[in-house]
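One structure is given below, encoded as structure tokens.
The values are calculated or read from the model by the stated rules, or taken from the named source; none is laboratory data. Values in this document were obtained by computation on a predicted structure and should not be read as measured data. Glycine also receives a Cβ, built like all others from the backbone with ideal geometry; neighbour counts cover every protein chain displayed. The protein model used for the area step is the full one, side chains on, heavy atoms only, and it has no ligands, DNA or RNA in it. Shrake-Rupley method; radii C 1.70, N 1.55, O 1.52, S 1.80 Å.
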Amino acid sequence: MSNGPAGGVLVVLEQHDGELHRLSAEALAAGRMLAAKVGGRVECALLRAPGQAVALTGVPGRVHAVEHPLLAAYTSDGYTAALEQLIRTLTPSHVVLPHTYQVRDYAPALATRFRQVLLSDVTAIHDTETGPVFVRQLLQGKLNADYRATGAGPCFVSVQAGSFLAEDAATDAAEVVAFAPVLEAAQIRTRAGERFREAAHTVDLGSAAVIVSVGRGIGEEANIPLVQELADALGAELAASRPICDSGWVPMERQVGSSGQTVAPKLYLAVGISGAIQHLVGMKGSKCVIAINKDEHAPIFEVADFGVVGDLFEMVPELTKAVRAAR
Amino acid sequence: MKIVVAVKQVPERDAAIRVGADGRWIEEEDLSYTINEPDAYALEEALQLKEKHGGEVVVVGAGPERVTSTLREALAKGADRAIHVEAVDLGERDTLGVAQVLADAIAAEAPDLVLTGLQSDDLGLGQTGVVMAELLGLPHATIIMQVEVTASGLRVKQELEDGWFQHVEMPLPALLTMQSGGNKLRYATLMGIKKAKAKELKTETAAAAAASPSARLERVYLPQRQKHTEMLTGSPAEVAAKLVQILKNDVRVL
Ligand SMILES: Cc1cc2nc3c(=O)[nH]c(=O)nc-3n(C[C@H](O)[C@H](O)[C@H](O)COP(=O)(O)OP(=O)(O)OC[C@H]3O[C@@H](n4cnc5c(N)ncnc54)[C@H](O)[C@@H]3O)c2cc1C
Ligand SMILES: Nc1ncnc2c1ncn2[C@@H]1O[C@H](COP(=O)(O)O)[C@@H](O)[C@H]1O
């Protein structure tokens, strides 16, 4: 049994097969930043089976290893029950998690156990005289919103990918203390099978030098050739946002984003794409981003080097013509 | 099988968004509204399950009066009944408060399966479904693409990060939060629209909000641009010419 101090920030690290999820370090960075504002120390939590090795390089300070045979595989029921017990023992003022698929799956239930809500997908934390303000995006990035926690706590916060920069790896080894939650097999109501991928990708957008990517602004399937022609003129691969692939207008394997491919071409030309975070994480490593969108406030312009506010149905045919002429 | 689908009404995607006078929400006056996209996929999954296994599909939506138009659309697509949980103060409630009024309406129906969208297009909280599962005491799974009914309950296909999937099994009753793209969406037929007029749309008044929410939205505002984007202006032909210069000289792909 570990006796952490009341208050402080507890950061929940996520691990898969003994490797920390890449967003764990970002959650830790957010947790440290928050602790600097609200006081108290930062400690980490990690869930695993007893005896499971997890590489903790770069994690400083105390890590509460929540260990139980029933935590060998992730389940929402197991994680929620185990973390509830740890949090009731440590009584942190804030709990910070990475906004991953796994966290989306259990953290809202965990917060509900404390009659709190999760401040989800937070992009920034600001200091005010009356405590921290948490910034979230609304309307798929068109607006920002300031939220304040007003509950009795603990305050649960999950942080968006890429919003809090992971700090340099600490050199000191973590001090790992074990925490044994009480769990019973009957509490766990879901059972997951093996992970699998759909049919192998036959297009590797990851190595494409030039990508023309199309979003819902294209309106209907019959208009896809318009962007295909531009892609052909540029010798580019055609890619798309998720709704375009969901509709079957462009093959699924050409989807860019958090549930599609991650690309980093020399040029990413986004046509009629709004720039939701799930799309941006898949393409913001591009060397040059050009965006064509009729809405000057579209979030895609936030990551664009060059922007054109205009109607793609006028702009794209002109551009195709000009590119052909320049070849 | 009795299935309840929680459908949220949200602003149309292309709507021009303006911050309201009090700076706490958007101007709602001239907005047009539609069904939250993942909820449309949740409804589609429910309708297909009903076609395979029989039963009933009930849609539930919380919000002001305008929400009934979205519920009517769901009826036109094939839902059997609709419940409108009327509340004009959802913005003052936190997620737990909204989930609670929905959960109250759903508990009264005692369904076998509850479907929600994985995330709303406006608030984007991505948690109302999971909170409801906790309040209703149901097992749940999130970001689901496909649902299969088995002898012992459900077998669902769950999307994971980086293009991975897994199957998850659970007993019924259960709650699933649905991802977009698992099915092809149907349109309401003329016949469906006509039939919907005769279907039940019941309005219930939401219980009063809890005294103190645990989170409060204080202010909404346009994001500050952090990156300097060079905006190109002119006629389409002029802009195309400028772009070609950039492709040649700056990006060097021509
Ligand atoms: C768990 C999860 C995973 C996801 N994974 C992905 C993913 O991998 N990839 C992905 O892309 N999305 C993903 N999404 C969806 C994402 O949140 C957005 O919904 C999606 O990216 C929006 O696609 P879009 O930009 O094409 O459409 P919209 O957001 O509808 O944007 C269309 C844009 O076109 C513009 N437009 C309209 N007409 C014109 C015109 N005539 N000329 C010029 N511009 C025009 C509009 O101004 C608007 O900005 C995911 C969501 C979730 C919740
Ligand atoms: N007011 C509401 N009425 C009906 N369903 C809702 C409402 N708010 C949220 N939901 C459901 O919860 C899901 C997730 O919403 P959110 O947690 O806001 O991202 C939505 O896709 C809906 O299925």
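How large is Rg/Rh for chain A, to two decimals, with Cα atoms and a Kirkwood Rh? Show your work: numbers first, answer last.
Working: Rg = 22.6 Å, Rh = 21.8 Å.
With Rh from the inverse mean 1/r over Cα pairs, Rg/Rh is 1.04.
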### Message
With a 1.4 Å probe and all protein chains kept in place, how much accessible area does A:Glu84 have, in Å² rounded to the nearest 10?
### Response
40
### Task
Over all alpha-carbon pairs of the stretch A:20-162, lay out the pair-distance distribution in 10 Å bins, whole %, shortest bin first.
11, 43, 36, 10, 1
#### Entry: Nearest-ten-degree value, helix A:24-38 long axis tilted from longest Cα axis of chain A
60
### Query
What is the helix-to-structure angle for A:101-113, meaning the angle in degrees between its Cα long axis and the longest Cα principal axis of chain A, kept from 0 to 90 and rounded to the nearest 10?
40
### Message
Between B:Ser32 and B:Glu161, what's the calculated FRET efficiency when r is the beta-carbon distance and R0 is 51 Å? Round to 0.05.
### Response
0.90
### Accessible area (Å², 1.4 Å probe, nearest 10) - B:Ser212
90
### Summary
The long-range amide H neighbours of B:Val60, using H built 1.01 Å from N in the peptide plane and a cut-off of under 5 Å, are B:Val5, B:Ala6, B:Val7, B:Ile83
### Query
Nearest 10 degrees, 0 to 90: what angle lies between the long axis of helix B:37-53 and the longest principal axis of chain B (Cα atoms)?
40
### Query
What do you reckon, how do A:His126, B:His228, B:His84 stack up by accessible area (1.4 Å probe), largest on top?
B:His228, A:His126, B:His84
### Task
Among the listed pairs A:Lys321/B:Lys248; B:Lys2/B:Lys184; A:Lys37/A:Lys142, give every one whose C-alpha distance is greater than 18 Å.
B:Lys2/B:Lys184; A:Lys37/A:Lys142
#### Entry: Peptide-level mean, for A:67-76, of C-beta atoms on other protein chains within 10 Å
1
#### Entry: Rg/Rg_ref, the protein assembly as shown, where Rg_ref = 2.2 N^0.38 Å and atoms are Cα
0.98
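Applying 1/(1 + (r/R0)^6) with R0 = 51 Å to the Cβ-Cβ distance of B:Asp104 and B:Glu230, what FRET efficiency is obtained, to the nearest 0.05? Don't jump to the answer; show the numbers that get you there.
Details: r = 53 Å, r/R0 = 1.04.
With R0 = 51 Å, the Cβ-Cβ based efficiency is 0.45.
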### Query
What full-extension length gain, to one decimal in nm, is calculated for B:Arg24 and B:Lys194 as 0.36 nm per residue of separation minus the Cα-Cα distance?
57.3 nm
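How compact is the stretch B:2-205 by the rule of thumb for globular proteins, expressed as Cα Rg over 2.2 N^0.38 Å? Let's see the in-between values first.
Working: Rg = 16.4 Å, N = 204, 2.2 N^0.38 = 16.6 Å.
Working it through for the stretch B:2-205, the quotient is 0.99.
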### Query
So how much slack lies between A:Ser207 and A:Ala192, counting 0.36 nm per residue of separation and subtracting their Cα-Cα distance, in nm?
2.1 nm
### Message
Let me cross-check B:Asp94: its accessible surface, 1.4 Å probe, with only protein heavy atoms counted, in Å² to the nearest 10?
### Response
20
## Note on the structure
Residue span B:Glu51 to B:Asp14: 0.36 nm per residue of separation minus Cα-Cα distance leaves a gain in nm of 10.0 nm
### Task
Give me the percent of DSSP beta bridges within the protein assembly as shown that run antiparallel, rounded to the nearest 5.
35
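Can you figure out the FRET efficiency of A:His126 with A:Glu167, using R₀ = 30 Å and their beta-carbon distance, to the nearest 0.05?
Working: r = 19 Å, r/R0 = 0.64.
For R0 = 30 Å, the calculated efficiency reads 0.95.
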